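Undergrad: There's a structure below that I have some questions on.
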Amino acid sequence: VQLQASGGGLVQPGGSLRLSCVVSKSILSFTSMGWYRQAPEKQREWVAAITSGGVTNYLDSVKGRFTISRDNAKNAMYLQMDSLKPEDTAVYYCYTQGRGGSYSWGQGTQVTVSS
């Protein structure tokens with residue numbers, strides 16, 4: 001499985017970005033999909049996930065600001081990030097979790113929130 005993440009960039013505090021993750025096979029085959037992030041000198045941190053049934057979950061610090069969604073027809077997943085803060089600065093990685101529990105990862109996209 002190959003995942004291609006895109007949409008990162010430089011944005012001012014309070015701004016928005018939309019990350020995309022395109023998967024090389026039908027995303028209906030996965031138990032869940034989501035995003036992690038890793039800030040400089042910090043451990044990778046789970047951010048959000050969406051199940052095959054459309055149930056979503058979020059890291060507490062992004063609730064109300066980030067929205068995860070999926071488009072089964074396009075084999076794609078998105079992370080709409082609003083009201084961005086400097087502490088959201090990180091490399092964001094998309095992932096899929098297969099029904100057997102295996103994970104696949106995208107290459108990461110840099111998000112920088114700075115004035």
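Undergrad: Identify all residues within region 64-79 that are within 9 Å of A48 (Cα to Cα) and either more than 11 Å from the chain's Cα centre (by Cα) or of a type outside the set (S, T, Y) (or both); write none if there are none.
TA: Selection gives F66, I68, L79.
Undergrad: Assuming G54 fulfils every condition listed in (1) in contact (Cβ under 8 Å) with a residue 24 or more places away in the chain; (2) open to solvent by less than 50 Å² (accessible area, probe 1.4 Å) apart from one, which condition is it?
TA: Result: G54 passes all but (1).
Undergrad: For region 57-89, name all the residues that are in contact (Cβ under 8 Å) with a residue 60 or more places away in the chain, open to solvent by less than 50 Å² (accessible area, probe 1.4 Å) and not aromatic (F, W, Y).
TA: At the first step, the residues of region 57-89 found to be in contact (Cβ under 8 Å) with a residue 60 or more places away in the chain are 78-86.
Still in the running and open to solvent by less than 50 Å² (accessible area, probe 1.4 Å): 78-79, 81, 84.
If the condition is that a residue be in contact (Cβ under 8 Å) with a residue 60 or more places away in the chain, open to solvent by less than 50 Å² (accessible area, probe 1.4 Å) and not aromatic (F, W, Y), then L79, M81, L84 are the ones that fit.
Undergrad: Hey, Y92 hits all of (1) touching a residue at least 60 places away in the same chain (Cβ under 8 Å); (2) exposed (fewer than 15 other Cβ atoms within 10 Å of the Cβ); (3) not acidic (D, E) but one; which does it fall short on?
TA: In the conditions (1) touching a residue at least 60 places away in the same chain (Cβ under 8 Å); (2) exposed (fewer than 15 other Cβ atoms within 10 Å of the Cβ); (3) not acidic (D, E), Y92 misses (2) alone.
Undergrad: Next question, about the same structure. Being open to solvent by 20 Å² or more (accessible area, probe 1.4 Å), touching a residue at least 60 places away in the same chain (Cβ under 8 Å) and among the charged types (D, E, K, R) is the filter here, so list the residues in region 4-43 that pass it.
TA: R18, the sole residue that qualifies.
Undergrad: Now, a different point. Counting only residues that are farther than 14 Å from G106 by Cα and not in a loop (DSSP other than H, G, I, E, B), how many does region 1-21 have? Step through it out loud before you land on a result.
TA: Taking region 1-21 first, the residues farther than 14 Å from G106 by Cα are 9-18.
Filter once more, keeping what is not in a loop (DSSP other than H, G, I, E, B): 9-11, 17-18.
Matching residues across region 1-21 total 5.
Undergrad: G100 fails exactly one of the following numbered conditions: (1) open to solvent by less than 50 Å² (accessible area, probe 1.4 Å); (2) at pLDDT below 95; (3) not hydroxyl-bearing (S, T, Y). What is the number of that condition?
TA: Single failed check for G100: (1).
The values are calculated or read from the model by the stated rules, or taken from the named source; none is laboratory data. Here the structure is a predicted model, which means the values were calculated and not measured. Here Cβ is always computed from backbone atoms with ideal geometry, including for glycine, and neighbour counts include all displayed protein chains. The protein model used for the area step is the full one, side chains on, heavy atoms only, and it has no ligands, DNA or RNA in it. Shrake-Rupley method; radii C 1.70, N 1.55, O 1.52, S 1.80 Å.
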